[in-house]
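Only the coordinates and a few stated rules stand behind these numbers; no lab work does. Nothing here was measured: the structure is a model prediction, and the numbers come from that model. No Cβ is skipped: glycine too gets one built from the backbone with ideal geometry, and neighbour counts run over all protein chains shown.
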Amino acid sequence: MGDADLIVSTTNPFPVLTSGQQQTAFTSRLTDPFDSITLTRDANFTLNTTIYIGIYAHTLAAYQLSLEPTYTSQYVAMLAGAIPLNDSQPYFVQYLQEYQQTFFSFTPWWSMAENRTLVLAADVIFNDIFFYAEANDYPLYYNTALIDQNNMIAIEADRYELSQTYYTMVRPNFALYDLISQRQYIFYFFAFSSVKTTEENGLVVDLYCGQTLYGYANSSSVFYRHFMIDNNSTLNVTVNPVSGSVPKLVITTGNQAVWPSSEPGNYQMLVEQTAEGQPLTYVIDQTWLYSQNMDCPIAGYTWSGGNQMCTLYFAVECEGACVYTIKLMMQGRDRVNGTAATRNIPYYLTSDSYFTGSVAFN
């Protein structure tokens, strides 16, 4: 009903029907049943460019608005060639010369209500690499803001949508003199999500025996908890720096939620790196537990099917941006491979948490 005119702009948030506007298109078709505007990908427009749309009519008009991306077959083939990454599962890469590259993709799987930071990162073993990414589009180094810093790209929750797939190109980082001789580049590439945990939002990440979790902090802390399973066991907690600034590991016990920090009086144990590249490790045994918390003797799974007494709380602090792994192992099982390392060790699930995992046939 009626005749509505369509106008779009990539520069003006309120496009109007005037001449002289840059990057603006207008259509008015009196005889056709619909108006349409096609924007073609070039140096000034990609699928991640913000489009401002205006609808104008001189009389009463009813309309339906739709937006549809169209890809060429060659473009679809390029995106389809990306290697899909699973959350927190590193992909091993070895280049034998400087002109190799690897193309990855990752799609967020979680709820937006969880306020997770999406992180693309590399654990470099030998020689430097660089990488860059784009959402729902083939990444171009000169036309994207998502370029790695210290082998990581962190995208905050307000900067992505769950419908987006992130495509990442990884390449060797070399100078001209490196071409004189062949060089290898060895690294692990991975993607993961990091939950924002603060005392204000009351969130912590549950850390289970045998799990290895990736973490990201940026001039902040990530908080973890572990409900005591067996108060007679000895636990080994290890934080491995992957990239960025050097983390600190803070440990305390509590019968209620605690958010420890490296500030004096806010922790029971502070572990700092003693040599560059070395992991942060601490052994939590019965003697230490009982000296820190008088309720530890009645903690564990054997007391009424479990309780929250003597819960272990951890914080990983970073003065700048950092990526790391954290792992908790029950001593005596650290040499056991695969699922056998955690078999018959129950996971405590409280009403405010959930567990994400997968099962498969062996």
* Structure fact -> Note, residue 259: beta-carbon cut-off 12 Å, +1 each Lys/Arg, -1 each Asp/Glu, net -3
* **Zone of residue 37's modelled label, taken as backbone nitrogen in the stretch 49-63 under 13 Å from a point 7 Å along Cα→Cβ** => 50-56
* Asked: Hey, got the dipole for the stretch 205-341? About the Cα centre, +1 on K and R Cβ, -1 on D and E Cβ, debye to the nearest 20?
  -> 280
* To do: Take each of the peptides 274-285, 84-95, 58-69, average the number of other beta-carbon atoms within 10 Å over its residues, and list them starting from the highest.
  => 84-95, 274-285, 58-69
* Asked: Which FRET efficiency, nearest 0.05, do residue 234 and residue 66 yield, Cβ-Cβ r, R0 35 Å?
  -> 0.05
* Contour minus end-to-end for residue 285 and residue 182, with contour as 0.36 nm per residue of separation and end-to-end as the Cα-Cα distance? -> 32.2 nm
* Structure fact -> Ranked output for segments 308-318, 203-213 by mean other Cβ atoms within 10 Å, highest leading, reads 308-318, 203-213
